[in-house]
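A quick write-up on the structure given underneath.
The values are calculated or read from the model by the stated rules, or taken from the named source; none is laboratory data. Quantities reported herein were computed from a predicted structural model and do not represent experimental measurements. These area figures cover heavy atoms from the full protein model, side chains too; ligands, DNA and RNA do not enter into them. Shrake-Rupley method; radii C 1.70, N 1.55, O 1.52, S 1.80 Å.
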Amino acid sequence: MRLYDNLITFFIKHQMNNKNNRSHIIGVIGGGQCSTDIAYQAEEVGKEIARRGGILICGGLGGVMEAAC
């Protein structure tokens, strides 16, 4: 398992064990390449998740996931 995966696993377990934190953990996955329109939509989804106090988890290496993060 890569360091990145270990950090995400630790973070999720911590969030799930924290009874005072009611944030939702939301995963966004999508293509590594996408159109400008889809990237814009993914970015708006990421902003809305953050605005509502959600925790966004995604690969973030390119395309939809990068735009959402």
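Among helices (runs of 4 or more DSSP H) entirely within the chain, having at least 1 residues that are modelled with pLDDT of 85 or more singles out 36-51, 63-68. For the range 49-60, the tally of residues that are closer than 12 Å to Val28 by Cα and open to solvent by 40 Å² or more (accessible area, probe 1.4 Å) stands at 1.
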